[in-house]
Amino acid sequence: MATRFISAKYDADTRTVDYVGHDGSHLLRTGGTIAWRFNNPGNIRPADDKLIMGAIGIGTTKRNGRFLIFASYEEGRAQKKSLLRRVYNDRTIYTMLAGVPDKNGKIVMGYAPANDNNDPVAYAAAISKHTGLPVTTRLRDISDAKMDQLLDAMEVKEGFNNEKSSRQEKCIATTSVTVSDGSRPKPNVPAQIKVGETTKTLKTDASGQLPVISHLALGNKVEIFFPSINGEWEKQLEFKTGEECQSFVLFHDLQTFEGRAEKKRPRDSGSVDGKSPIRYVVQQGDTLGKLAKLFDTTPEAIRRNNPEIKDISRIYEGQVLGIYGKPPPLLPPSPSVTAGARLPPQPTAAARSKKGTDAPLAIVPVDQARAPWMAIAIVEARRFAGKEEDVITKDENYHKDIGVGKNLVTAPWCASFVNYCLMSAHAPFERSASSQFPVWSKKFIKIDEPVYGALMVMRNYVKKTGQSNGTGHVTFVYGQSENGSIAGLGGNQGNSIKISEYQRTGVSSEFMLKGVKMQQKFHGFYIPATYLDFAKKEPPLSTVDITKVNQELLKITNYTASENEGTR
């Protein structure tokens with residue numbers, strides 16, 4: 001499978017773009033022209049620091065300002081063509097380049113205006129010579145075939161292929177290391193990384209990740225250390241750099257480091273040899289009896305250590321449990337959402353933690369849970385327990401978490417919540433607050449039938465005309481209700497995080513939007529493209545009691561079902 005690049009950063013000092021692949025690999029591209037380095041043959045600039053479709057980063061140059069970085073040359077060219085058709089289609093070749101006067105006589109909206117150190121007359125003449133079209137030809141009258149010739153002429157004029165001799169590319173495998181509490185990443189964890197004889201001291205970032213370790217030379221020994229109980233550095237992970245990318249998750253008990261997850265439960269007689277509990281994400285069909293057998297303990301011991309379990313006969317899919325017992329040989333498998341990554345071995349014991357033997361570090365498989373973003377969504381829902389956005393925003397801003405400069409109270413946040421959960425699970429995501437992002441993003445694919453953890457996209461239509469206004473809602477598929485509707489777990493559902501009911505046919509809800517009567521209807525189910533193989537093997541959805549799941553799993557004690565729930 002060819003590498004798909006999902007993000008990119010530019011170092012202006014070395015004139016190098018670091019493209020990050022879906023498999024964790026890195027492509028370093030230096031030399032050549034800006035257009036070549038950025039896969040941006042149109043030299044398209046960002047508007048208000050926002051990415052457009054196909055763009056995976058923004059690069060700031062030392063002399064020429066900021067430009068979009070695209071995942072591929074083909075994507076950059078396609079976006080240039082789309083821009084010309086969308087913005088300049090009614091212009092002539094010359095006015096497309098030079099711009100047109102506004103009501104005050106100021107020249108505006110030119111692709112290559114004279115006031116930006118361009119010569120639109122010479123530029124238009126070069127296009128005319130290459131295509132055979134007069135400079136007075138309007139773009140709307142140009143066929144797609146001729147438009148491709150126009151793009152070729154513009155690339156020559158823009159110098160896309162200049163400085164070919166200085167172009168350099170290097171593909172590098174990497175290792176990523178994440179510290180997690182079992183359900184969400186742990187930021188600001190101190191660590192030391194030793195590669196050969198070089199040691200660096202640093203902390204995990206907001207996503208719980210240490211800086212990616214590049215395999216600059218094969219066979220290098222890499223050691224990772226964390227503070228022990230007495231403040232000394234203790235080694236928790238060792239590996240050698242190889243030709244393939246790999247990912248590790250270092251699990252740390254909730255008590256040890258500061259974070260936003262739920263408080264640690266006190267250990268009782270269910271413990272085994274003084275070890276910390278194994279964090280387990282409940283799978284479809286699990287019961288306490290099955291888990292007790294799997295971990296060589298008893299249902300009663302599991303319930304004692306998980307006081308949120310009110311009924312010993314009922315646990316919920318996606319629920320994170322702490323189980324003291326004998327680790328099974330292999331936890332229920334599921335593929336990583338990062339295609340191509342080589343997973344580490346699956347030991348469960350580890351050295352002491354920073355604060356004592358009651359909270360050790362342990363290496364756990366990165367893919368124990370199906371749809372790992374669901375455990376994060378559930379933790380977030382439990383964290384706020386039905387509180388509305390005016391309260392949530394005091395502690396959390398999912399827009400800001402994914403890099404979108406908005407406010408929860410004033411801007412719809414269902415998509416930012418979904419993308420936050422995906423991002424925290426290291427799954428493909430978009431830095432977008434649009435509920436329709438799975439529809440246009442190439443990181444997601446549409447599926448015919450829902451699976452646990454799929455993204456359900458709803459679309460809003462003006463009731464009077466039946467026309468879509470481009471808005472809607474996105475939520476995670478948790479299960480289905482007895483009547484076959486989808487139980488969707490998401491944010492901005494009645495201004496809170498909870499599970500709500502959505503119909504797959506007809507009108508799911510009606511509401512007023514800026515004085516206009518709107519109808520919300522089902523549009524489609526989507527999953528990360530890298531999750532497709534596993535999704536094909538998923539069993540049918542579980543049938544759930546939405547009220548009980550909200551009250552017992554998500555701790556929304558005052559939950560009541562409602563119709564026409566607002567989602568903005």
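Given the conditions (1) at pLDDT 95 or above; (2) outside any strand (DSSP E or B); (3) not basic (K, R), report the number of the one that F476 does not fulfil.
(2)
Among N39, N43, which is without any contact (Cβ under 8 Å) to a residue 60 or more places away in the chain and part of a loop (DSSP other than H, G, I, E, B)?
N39
Quick one: E538 ticks every box in (1) acidic (D, E); (2) under 29 Å from the mean Cα position of the chain (by Cα); (3) open to solvent by 50 Å² or more (accessible area, probe 1.4 Å) except a single one, so which number is it?
(3)
Do you know which of the residues in region 217-234 that are assigned to a strand (DSSP E or B) and without any contact (Cβ under 8 Å) to a residue 40 or more places away in the chain is most open to solvent (accessible area, probe 1.4 Å)?
If we take residues in region 217-234 being assigned to a strand (DSSP E or B) and without any contact (Cβ under 8 Å) to a residue 40 or more places away in the chain, then K221 is most open to solvent (accessible area, probe 1.4 Å).
Which one is least open to solvent (accessible area, probe 1.4 Å), of the residues in region 1-36 that are of a type in the set (V, I, T) and at pLDDT below 90?
V20
Within region 11-31, count every residue that is charged (D, E, K, R) and closer than 16 Å to L68 by Cβ.
Summing the residues that are charged (D, E, K, R) and closer than 16 Å to L68 by Cβ in region 11-31 gives 2.
Got at least one residue in region 1-24 being farther than 22 Å from E163 by Cα, of a type in the set (D, E) and not assigned by the TED database to the domain that holds V156?
yes
Just to check your reading of the model, which residue among K521, K464, K514 is more than 22 Å from the chain's Cα centre (by Cα), open to solvent by 10 Å² or more (accessible area, probe 1.4 Å) and at pLDDT 90 or above?
K521
Can you find, within region 183-202, the residue that is farthest from L422 (Cα to Cα) among those that are in a loop (DSSP other than H, G, I, E, B) and of a type outside the set (V, I, T)?
Within region 183-202, the match that is farthest from L422 (Cα to Cα) is E197.
Report every pair of residues separated by at least 6 positions or lying on different chains whose Cβ atoms are under 8 Å apart, first residue within region 400-428 and acidic (D, E), second assigned to a loop (DSSP other than H, G, I, E, B).
Pairs found: D401/A206.
Please give the number of the condition K498 fails out of (1) open to solvent by less than 10 Å² (accessible area, probe 1.4 Å); (2) within 28 Å of Q284 (Cα to Cα).
(1)
Kindly indicate whether any position in region 194-203 is closer than 26 Å to P277 by Cβ, open to solvent by less than 10 Å² (accessible area, probe 1.4 Å) and either at pLDDT below 90 or not acidic (D, E) (or both).
No: region 194-203 contains no residue that is closer than 26 Å to P277 by Cβ, open to solvent by less than 10 Å² (accessible area, probe 1.4 Å) and either at pLDDT below 90 or not acidic (D, E) (or both).
The values are calculated or read from the model by the stated rules, or taken from the named source; none is laboratory data. Everything numeric in this text was worked out from a predicted model, so none of it was measured. Cβ coordinates were reconstructed from backbone atoms using ideal geometry, including for glycine residues, and neighbour counts include every protein chain displayed. Side chains are part of the model used for accessible areas, which takes the heavy atoms of the whole protein and leaves out ligands, DNA and RNA. Shrake-Rupley method; radii C 1.70, N 1.55, O 1.52, S 1.80 Å.
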